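Okay, so here's the structure we're looking at.
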Amino acid sequence: MGRRARFSLHVAAPAAVLLLHLMLAAASDPPYTCGAGAPPNIPFCDTGLPIDRRVGDLVARMTVAEKISQLGDESPAVPRLGVPAYKWWSEALHGVSDHGRGVHLSGPLRAATSFPQVILTAASFNPHLWYRIGQVIGVEARAVYNNGQAEGLTFWAPNINVFRDPRWGRGQETPGEDPTMTGKYAAVFVRGVQGYGISGPVNSTDLEASACCKHFTAYDLESWKGVTRYVFDAKVTAQDLEDTYNPPFKSCVEDGQASGIMCSYNRVNGVPTCADYNLLSKTARQSWGFYGYITSDCDAVSIIHDAQGYAKTAEDAVADVLKAGMDVNCGSYVQQHGASALQQGKITEQDIDRALHNLFAVRMRLGLFNGDPRRNRFGDIGPDQVCTQEHQDLALEAAREGIVLLKNDGGALPLSKPTVASLGVIGFNANDATRLLGNYFGPPCVTVTPLQVLQGYVKDTRFAAGCNSAACNVTAIPEAVQVASSADAVVLFMGLDQDQEREEVDRLDLTLPGQQQSLIESVANAAKKPVILVMLCGGPVDVSFAKTNPKIGAILWAGYPGEAGGMAIAQVLFGEHNPGGRLPVTWYPQDFTKVPMTDMRMRADPATGYPGRTYRFYRGPTVFDFGYGLSYSKYSHRFVSNGTKPPSMSSIAGLKALEPRTTAAGAAMYDVEAIGAEACERLKFPAVVRVQNHGPMDGNHPVLLFLRWPNATDGSGRPARKLIGFRSLHLRAMQAAHVEFEVSPCKHFSRASEDGRKVIDRGSHFVMVGEDDEFEMSLA
């Protein structure tokens, strides 16, 4: 079809006969309604009216059957009103993907930029990088839509659940274990995708694409020892909910202005999250001011009845979610049972209208009721803006910045091209480009394996897989040993893959699978000099054996580095890029697997031997710590005394007279709410850090600012330390720079009490920069 076909429909209206033109899109035309050809004075097509009024007019024109039909992720057309079909489910976790139903990379556009899996990107500790990745995803998403290869612009990313347990198969999709860092990632990524600035006010009526923060809340278990995500009831304290599980979502809404939230499969304290009015309506909409739509995870409504037994009937399940504040069901369950729920009086038409108002408001904010989107604000974004060189360069930059150097004994790295006449490359992960992509990926712009890149660096490069896969249950160790013994340098590409960790698959062990350790040690023993171990994995692995083995000279963690991962790894190996990534998650020893994955408590319990979780609360040995990472350069940090000026408590009006409350254990604390917004604002102060790169190489360097309490083990529930700020700097060799952080005691010095209230402990608080320097602020 070379031209758009049009037809007219006569529809009964309260005062007149309404004539609408439904635009039937050809293969290259995006779906939309209104615009040229539509009759005047139709309120829902009038872009001069507020969106709320336009939506109200549209919903009022729909029959009950038409309304119910819109409550699934595949929403059919309403031809008599000129409303095209819409598919809510599209994915863009680390690049536009053809997972889901809304995007089709099978036409003229067959690829999109595939960035590193999120856990590696997070290791850069670089919010500006995260934002730019979001921007590219937003642009490429709109380009695909404008090119007629998408039926929706709502993308179900990012995944911002805290990486609580190292065995979780989807931890790779998240920014890691720290709620502050995860919340920052959520905010800037969402802003990039939706076409907003990295900070500041937004125009909420215009969306380039819609981002959706998932999975709300306390979701971090797939399938562990017979317990599945579909039936798991997460028992979470008010304290842990307040300071661990919910903060990323709060930041996503308040700071990122996300237009979508996904409620999760699991229950929290007995209540399915998609049926929790306190969570969806009171917390997200009323407390945080969420403006957007709430979707269920796929088939999460059906399991409320079918698997969890929370709802006695299908109609009860529909009523539970709609009255809680969910708007659209991924799946057809609400569409199938909505009419009978209405007939039985379990829902009202107003419940349906409330959901539709949120759904159509997002579609209007995306400009899909403003006529041909190619003639509107984002209409100039075409297919030539997908897989551009600039976007591919950003994918390479993201992979390079995330790679973490975990060990480098005796200057094993970087390798020198002139001294490496022959290179042995060992490992199943070295020669499969798909393994670099992680999960929820789309077809990448380019595909190249680490082996192919390294062959370009060293002409005499020899390869042996050594194992059949990450499972490593079939080995060819003698072949690998022969390659290793004959090469000047040896690099092993080991780790995990999506058979070991992914959605619906959690790990039982933290050690390398199968015979991988045996292969590594055999190769290390045969090599002429200490070997290089490159770990490709999302979740942590206990590689204590490699950390302490002198025949393994260096360890790199490269996550799942995306389409440019092979090049990024090679550039780090040969010193063309100075690694600066830091671990966004604690690497625990195998012994941690004694802890039940189902125990949601964050804080340690010494009385029972429960060690706690994440760097903030864990009391036990680690393989590598959160925030750990080496470089080819040496860096130093110190606070600049004349730039770091904590305020005097007595100078803040009203604070001196404020009475702290005291716990049964005698600890004194101030309620943040009682301090008040004005005093909290006056308590803020700058902390200036001098950072120097002592060489020998230029490099990117994340500066991490932590808060430390002197008595974190006194039973108060304080973290041992917590991240309160971070910034990534690029410094030339021998260059020094100052970086300023704004410290807000009400935000950064506070913690959650047992009842979930934010409190600041009386006494000393220490602000630390790395392990180099700290200063004290006392709250009397």
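Details
- Dipole magnitude for the stretch 389-594: computed about the Cα centre from +1 point charges on Lys and Arg Cβ and -1 point charges on Asp and Glu Cβ, it is near 700 debye.
- Beta bridge orientation in the stretch 204-277: antiparallel %, DSSP, nearest 5: 45
- Coordinate range of the alpha-carbon atoms in the stretch 633-778 per principal axis, descending: 54, 32, 20 Å.
- Relative to the longest principal axis of the Cα atoms of the chain, helix 333-343 runs at roughly 40 degrees.
- All-pairs Cα distance distribution in the chain, expressed in whole percent, bin size 10 Å: 3, 13, 22, 24, 20, 12, 5, 1, 0
- Where Cα atoms sit under 17 Å apart: lysine pairs in the stretch 389-594 separated by 8 or more or lying on different chains: 9
- Full extension of the chain between Thr348 and Asn269 yields a length gain of 25.7 nm, computed as 0.36 nm times the residue separation minus the alpha carbon distance.
- Packing, as the average of other Cβ atoms within 10 Å across residues, places the peptides 514-525, 313-324, 605-616 in the order 313-324, 514-525, 605-616, highest first.
- Dipole magnitude (debye, nearest 20) for the stretch 633-778, charges at Cβ of Lys, Arg, Asp, Glu: 200
- Between the helical axis of 349-365 and the longest alpha-carbon principal axis of the chain there is an angle of about 60 degrees.
- Counting only lysines at least 8 places from Lys87 when in the same chain, those with an alpha carbon closer than 25 Å to its own are Lys67, Lys214, Lys323.
- Degrees between helix 314-324 axis and first principal axis of the chain (Cα, 0 to 90, nearest 10): 80
- Remark on the chain: Cys212, Cys537 stand apart, with no other cysteine beta carbon under 4.7 Å.
- Here the relative contact order of the chain, from alpha carbon pairs under 8 Å that lie six or more residues apart, stands at 13 percent.
- The lysine pair count for the stretch 633-778, using Cα distances under 27 Å and pairs eight or more places apart or on different chains, is 16.
- With both residues required to sit in the stretch 44-383, DSSP beta bridges show an antiparallel share near 40%.
- The radius of gyration of the Cα set in the stretch 268-361, together with its Dmax, comes out at 12.3, 34 angstrom.
- Counting only DSSP H runs of at least 4 residues, each contributing -39500 (n - 2.57), and dividing by the residue count of the chain, the helix-based mean residue ellipticity at 222 nm comes to -7000 deg cm²/dmol.
- When both bridge partners sit in the chain, DSSP labels roughly 65% of those beta bridges antiparallel.
No value in this document is a laboratory result; all are computed from the given coordinates. All values reported here derive from a predicted model rather than from experimental measurement. Counting neighbours? That spans all protein chains shown, and the Cβs are built from the backbone with ideal geometry, glycine included.
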